1. Output the peptides 349-356, 263-270 sorted from most to least packed, where packing is the average of other Cβ atoms within 10 Å over each peptide's residues.
2. Find out how many positive minus negative residues lie around ASN691, taking Lys and Arg as positive, Asp and Glu as negative, among other residues whose Cβ is under 10 Å from that of ASN691.
3. Find, among the GluC sites (Glu not before Pro) in the range 757-825, those assigned to loop by DSSP (not H, G, I, E, B) with at most 15 other beta-carbon atoms within 10 angstrom.
4. Between ALA96 and ASP712, how high is the FRET efficiency from 1/(1 + (r/R0)^6) when r is the Cβ-Cβ distance and R₀ = 60 Å? Nearest 0.05.
5. Using Cα pairs closer than 8 Å and at least 6 residues apart in sequence, work out the relative contact order for the range 667-714, in percent.
6. Loop-only chymotrypsin sites (Phe, Trp or Tyr not before Pro) in the range 63-123, please: DSSP not H, G, I, E or B, and at most 12 other Cβ atoms within 10 Å.
7. Modelling each spin label as a point 7 Å along the Cα-to-Cβ direction, I'd like the ALA673/ASP730 distance in nm, to one decimal.
8. Go through the range 681-723 and name the trypsin sites (Lys or Arg not before Pro) that are in a DSSP coil and have 14 or fewer other Cβ atoms within 10 Å of their Cβ.
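The values are calculated or read from the model by the stated rules, or taken from the named source; none is laboratory data. Computed from a predicted structure; not experimentally measured. Ideal geometry is used to build each Cβ from the backbone, glycine not excepted, and the neighbour counts take in all protein chains shown. When the accessible area is computed, the model is the full protein with side chains, heavy atoms only, and any ligands, DNA or RNA have been set aside. Shrake-Rupley method; radii C 1.70, N 1.55, O 1.52, S 1.80 Å.
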Amino acid sequence: MNMATILKPFQQNAVDAAVESFLQTASLLNDSATDQDRRNAIAYNGCMLIEAPTGAGKTLIAGHIAEQLSAKLPVVWMWFAPLKGLINQSETVIRAEFPRLNVRDARNDRDVENISGGSVYALTWASIAASNEDSRKIRQDSESSPSIDKFLLTARRLGFFVGVVIDEAHHGFVNAQQALTVYREVIDPDFAIMITATPDDKDVERFRKAVGLEELRHISISRQECVRAGIVKKGVRAIAFFPDEEESMSDVADMELAALRHGVNTNAMLGKKLLEEGIDLVPLLLVQVDSSEGSIDSARRALIDLGVPEAAIAVHTAAEPDPDLLAIAGDESVQVLIFKMAVALGFDAPRAFALVSLRRVRDANFGVQIVGRIVRVDKRLQGRIMPDELNYGYVALANYDSQSGLVLAAEKINSIVSDLEGAAPSIRVTPVIVGSGSMRVDIADEHGGLSLFPDSTNQSFFAGVVHDVGNGQLIAHKDQQKLFEISAINPESAVNFADRTDRFVVRSGQSINVNEMRQYNILAEYGGFSLLKEVTKFSAINDAAENIAAFANFTPEILGSAMRRTVKIKGREIEIFSGDSRTTDERVALNMRDIYDASNECLFSDGYIDSRELKKALLKRLRLEFERAGWENSDNSKFIADSLALILAQYPKLLRDARKKWFRANKGFESAAVLPETLVSEETLMPSSKNIYGRIPSDLNNDELAFAELLDNDTSGLVKGWLRNKDRTDWAAGVIDTELPTVYYPDFAVFINGRASRDSVILVEVKGGHILNAPDTVVKARMRHMEYGKVIMVSRQNDKWYVAENDANGERNVLNTRFRLELLKGW
């Protein structure tokens, strides 16, 4: 038979002070001459908030307050648990700890004739305020019992007070208007005891305002008080793992495995210490996973690999704690409990010393709940002098950022100032007497857009393609296959085009006469001229995978890296309450899921070569290299696959360089179409001294216009001429990207006197600072045309021009060189 817990002195002081306060409230209620007097008395004196860390015995204190007050006054109690699955736990605690309270069933036992002081109904807010079966049964009359509404009304008429105990339940109903209405209009309690482990909780303040309370009396218990009493561990040591910046591949270390391994080792150490002390207790390791699919199975497999017997692992997946979960606390055949969210609230397992969190815990309130699961001291350990290791709780975090949530939680817990150092009057309680002849007494201590194909036929514009139908007429037609590129959308004005297949938007059914457009003739010396465009030898594509694999440079160093399976990481351990910290070095397995993700990113990066065939060719090549090296595992397919993934993840440039070599070996050039004889525009174009049509095109952005003016302003004779190298036209100079087989069209083709390239041409790309380091911009900065040489990329910053070049790693663009026109000659 369970024996009731003997209260610690500070707990008894809290109980005595609260009972005395509520007795004063009862006296005010009995003396109330009007209903308003009663409401005033309750608004200022009827609610007690007990703030204390998890493990302080808040539920114990609240129950003793209810029990002792019921011994002096006729009180019927509503005990609200935060979750339905915790109702049974609440009832079990009440029966075991408070024998003078009578637990009754709110669904079936509402017989007023048998009502007695100390009757307790364990509920949730949903059970009386939601539209569900429980609420319907409780809120409606039955053949044997009145509704809970009538029951409480009758109890009041018979002289009973109504009290409520709210165990963290303000979190669950403060935003539910129906629950608030039931609280105010149906329960309308004379005494309310609220329990919380989160001081200064905004939910508490919202609750106070919502139910019409003017003030909350406070009983505050500090963590230090609980530590001195031996019911709460003196600290929590939390370790978080993070990459070692000096170690390559540290960023793909298996941090989850590191945290799990640390938790398992810690739990084993604690079990050994308990055995050495002769304490018959099996410590429980809690493992919190995220809500992603497969997270529980993944954690279970890892735990088994770490040596935990499968039969010793329990799993909880219900939406809230249930009887099976609560039974785990006493089932010492269970060494590890894997859970998601529910155990964070209301799960009492004092034998839990350690917790592994594989999800983020950045929120302080949730951090409080996590800490609360491991700070209780089991009764078998209370009052004993133990090794220091057994005086702490332990948390291992797979995500370094999560540590902040625990530190914030510790600050929040430490912010509770204990007012229970002496007798009850030292407790911070603020009785307020408000009634006829209002008098208030305060007692406190010093701690005080346009659619391509519009659905509506009323749309007057549509996107289409220009077609020459003869007689100088261009007609717009819808052509779905050609609508993926629209260079100008301007439904109010005429067409913007440079040749007779340019994309545009015009008024539906409108015809445009070419003769109405302004035409500017090309300078005679450029008439009949063609630029050179790079092309891919598509006949080689069929052998692309095999050839790229052959170009891969598997050096001895790279092959050796395939043997790597572990990596060094850092662990930062902090005692969350004192702030003491230290950093350790750890070795952990590489996270092969991340390794494969990184390698697949390399394999699938272009979408041009069949990645499956490429992977097959690379595996074949790697197996051959291992055979040549005499490696024992060269016939192990999984080993080869893992090795390839490791190589590509560690050397992402390997495949890129192989592609470059193959593309470079399989690209050529040919003459583009002859340059158009005229530059056509619907508007008058500004003159240009160097443009080969004598005009500045209208489609230049601000930076491109500024660069055109820079070329026009050359007085040295360096710039002979320039033209807009219009994107995706058949006459423009295209460059084949040697990393991806796509055609790139730099903004300008410039003719430079004395330049040692075909036709003295250089291609120029102009980039604004806002996209200078976009991935494709970084690639374009290293492009080279086979005949025109390296493309020069320029960028204007604060009216000064710079050359944009890759940094040493080829990962970013830097502006280290001021651009001068003379660079165009030798670049």
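1. 349-356, 263-270
2. +2
3. Qualifying residues, ordered by number: GLU787, GLU811, GLU822.
4. The formula returns an efficiency of 0.05 here.
5. Worked out over the range 667-714, it gives 27 percent.
6. Numbers: sites: TRP77, TRP79, PHE80, TYR121; in loops: none.
Within the range 63-123, no chymotrypsin sites (Phe, Trp or Tyr not before Pro) qualify (loop, at most 12 other Cβ atoms within 10 Å).
7. For the pair ALA673/ASP730, the computed spacing is 0.4 nm.
8. Loop-located and lightly packed - none at all.
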